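Engineer: Following this message is one structure expressed as structure tokens.
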Amino acid sequence: MKFKDMPYERVDFALVEKEMQELMTAFDRASSGEEQFEIHKKYYDLSDRVNTLMTIAMIRFNGNTSDEYYTKEQEYYDEQVPVYSNLVLEYQKKLYDSPYRAYLEKKIGLVAFKNIELARKAMDEKLIPLMQEENSLVMEYDKLIAGAKIQFDGKELNLSLMRPYTISQDRSVREAAWKATSAFFAENGEKLDGIYDKLVKNRTAQARAMGYENYLELGYYRMNRNCYGKEEVEAFRRQVKEYLVPFAEKLHQRRRERIGLEHLMYYDENVYFPNGNPAPIGTPEEILAAGQKMYSELSAETKEFFDFMQENELFDVLGRKNKRAGGYMTYLPLYQAPFIFANFNGTSGDVDVITHECGHAFQGYLSGKDPIREHADITMETAEIHSMSMEFFAEKWIPLFFGDRANDYVDMHLEDAAAFIPYGCMVDEFQHIVYENPDMTPAERKTAWRKLEKEYKPHLDYGDNEYLNEGGYWQRQHHIYSSPLYYIDYCLAQTCALQYKVKMDADFEEAWKSYLKLCRLSASDFFTNMIKEVGLNSPFEAGCLKNIVEKLEKYVK
């Protein structure tokens, strides 16, 4: 079914609660594991219906944050979802404590039960008012960012539409564009500080209500970190500082020489070539058509997937006013349909949507065929391997998107992928500092960010940009507000994706088989087990990043 034709009605949570209570009563009365599993399948039907309707509302709200109807629907769900989450947990506790658990474990897997254990540590009915407030604060941030109106080049532009100017071939244009976007953040700095300060204190209050010292423990549970913890993450960040930061600095200096500058400034940060970054050729429709050709040739599975996406109009990728910034893939379980949301703006990021977000969507399409819903509950570091690796598998077809600048894009993409990991780790370490010290002032948070920038990105020079020199850049990073502790997952995944890059250059077909196996494994096993099963090294293992850097050196010489 086409997305535009999918019917929507507000979820009646009073009715949902009644249905859930009936399921739980029947579950308690069941006299065998087989009987309980049949009831559990009815729970799948109920949760599929609820999640599909909520997702439709979210997508339509994100498409136009000024739409009064869907704004009210989103506000309704922001208020009701914590209540519903608690109800789901109440049901899951019965699953976890079932006298027939051994049978149920065989049906839905050990990972599902570990995730329920973490959910029990992450949720309690007493948190509902705080979670509702948290949702409201995130929506406030979303609307502030989506509503940006920047006067530039004789036009009124939002942040997404400013992107082409910030990477312009003309250095004076990109400097002016960066200053204009910084001015928007500086003008709204007090609001942004206020929203984040409330979020930090809110999340800290949630953690303390659960008996934790600070939000980090609660946050790790909420991120479903079911096979590693804070110590492993810290060890990974140390590897990044030791091996990847020096390598990334070499890449930045190589980039500086390539674009013919004596010194890199902050507004040169995302520019890779003297004639400008490669931009996709063709209209958005032609980019999607090129994507269809690529996926039809990559494999039978990807052809089926992309044809399905196109036939059912499961893309919303055109940038426009009042549209939520950024991009994502989500899933509509009733229709077994992934959905891709993005903001095309004429830059290489448009093609990244066809590779990165489609990597997520492809895996979602495959896992949607699995009758065990828990197998689709992948942790984020695994999910991002699917997307970031697809970016590299697409390289054979990059000429379809970039014409005679295909090689430039491939070089840019590899450099960007390697240089991203230090930035992502910086975002993660910043959040650890903030949540370990929830009483920091806004100025102290900015000082902490600026100190981390000097450790992870020592080449960075903000010149006379007062807002950025004071440590304000992080306020444009949506995840810091909306998805705390998420960003390290990108770094872990990129480490695995870079291994796939090396593998596919040696044997593309074998690398693809490994990737396809990982997609199909979904969440049937733990992250650390699955990556070993498909022949990858764990990012947490000593020497993993050292080995990757040694292999990447050949690409940049």
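Engineer: If a residue must be within 15 Å of Pro99 (Cα to Cα) and in contact (Cβ under 8 Å) with a residue 60 or more places away in the chain, how many such residues does region 16-29 contain?
Structural biologist: Adding up the residues that qualify gives 3.
Engineer: When you look at Ala57, is it touching a helix residue (DSSP H, G or I) at 6+ places or on another chain (Cβ under 8 Å), open to solvent by less than 50 Å² (accessible area, probe 1.4 Å) and within 20 Å of Thr330 (Cβ to Cβ), yes or no?
Structural biologist: Judged against the criteria, Ala57 is a match.
Engineer: When you look at Tyr76, is it touching a Lys or Arg at 6+ places or on another chain (Cβ under 8 Å) and either over 27 Å from Ser98 (Cβ atoms) or open to solvent by less than 60 Å² (accessible area, probe 1.4 Å) (or both), yes or no?
Structural biologist: In short, yes.
Engineer: Same structure again: Return yes or no: is Glu105 modelled with pLDDT of 95 or more, surrounded by fewer than 17 Cβ atoms within 10 Å (Cβ to Cβ) and farther than 20 Å from Asn224 by Cβ?
Structural biologist: When the stated conditions are applied, Glu105 does not pass them.
Engineer: Taking region 439-472 on its own, how many of its residues are open to solvent by 10 Å² or more (accessible area, probe 1.4 Å), farther than 19 Å from His252 by Cβ and not in a helix (DSSP H, G or I)?
Structural biologist: Number of matching residues: 5.
Engineer: Please give the strands (runs of 3 or more DSSP E) falling wholly within region 264-356 in which 1 or more residues are closer than 30 Å to Tyr44 by Cα and of a type in the set (Gly, Ala, Ser).
Structural biologist: Those strands (runs of 3 or more DSSP E) span 337-344.
Quick grid of which residues meet (1) touching a Gly at 6+ places or on another chain (Cβ under 6 Å); (2) assigned to a helix (DSSP H, G or I); (3) more than 14 Å from Met265 (Cα to Cα):
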| position | (1), (2), (3) |
| --- | --- |
| Leu161 | yes, yes, yes |
| Tyr165 | no, yes, yes |
| Val173 | no, yes, no |
| Ala177 | no, yes, no |
| Ala180 | no, yes, yes |
| Phe184 | no, yes, yes |
| Lys191 | no, yes, yes |
| Tyr196 | no, yes, yes |
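Engineer: Failed condition for Asp28, given (1) open to solvent by less than 80 Å² (accessible area, probe 1.4 Å); (2) over 30 Å from Phe315 (Cβ atoms); (3) not small (Gly, Ala, Ser), with all others met?
Structural biologist: The failed condition is (1).
Engineer: How many residues, within region 87-99, are over 10 Å from Phe37 (Cα atoms) and open to solvent by less than 70 Å² (accessible area, probe 1.4 Å)?
Structural biologist: Residues flagged as over 10 Å from Phe37 (Cα atoms) and open to solvent by less than 70 Å² (accessible area, probe 1.4 Å) within region 87-99 amount to 8.
Engineer: Which of the residues spanning region 474-502 are buried (at least 21 other Cβ atoms within 10 Å of the Cβ), more than 19 Å from the chain's Cα centre (by Cα) and of a type outside the set (S, T, N, Q)?
Structural biologist: Passing the criteria: Tyr500, Lys501.
Engineer: Also: List every residue pair whose Cβ atoms lie under 9 Å apart, where the two residues are 6 or more positions apart in sequence or sit on different chains, the first residue falls within region 61-74 and is within 19 Å of Val11 (Cβ to Cβ), and the second residue, located anywhere, is buried (at least 20 other Cβ atoms within 10 Å of the Cβ) and small (Gly, Ala, Ser).
Structural biologist: Going by the 9 Å Cβ cut-off, the qualifying pairs are Asn62/Ala146; Tyr70/Ala57; Glu73/Ala57; Gln74/Ala57.
Engineer: Now, a different point. Go through region 198-222 and give me each residue that's part of a helix (DSSP H, G or I), in contact with a Leu (Cβ under 7 Å, 6 or more places away or on another chain) and over 17 Å from Ser483 (Cβ atoms).
Structural biologist: Those that are part of a helix (DSSP H, G or I), in contact with a Leu (Cβ under 7 Å, 6 or more places away or on another chain) and over 17 Å from Ser483 (Cβ atoms): Ala205, Ala209.
The values are calculated or read from the model by the stated rules, or taken from the named source; none is laboratory data. Since we're looking at a predicted model, the values are computed, not measured. Methodologically, a virtual Cβ is constructed for each residue, glycine included, from the backbone with ideal geometry; neighbour enumeration extends over all protein chains shown. To get the accessible areas, we keep the full protein, side chains included, count just its heavy atoms, and leave off ligands, DNA and RNA. Shrake-Rupley method; radii C 1.70, N 1.55, O 1.52, S 1.80 Å.
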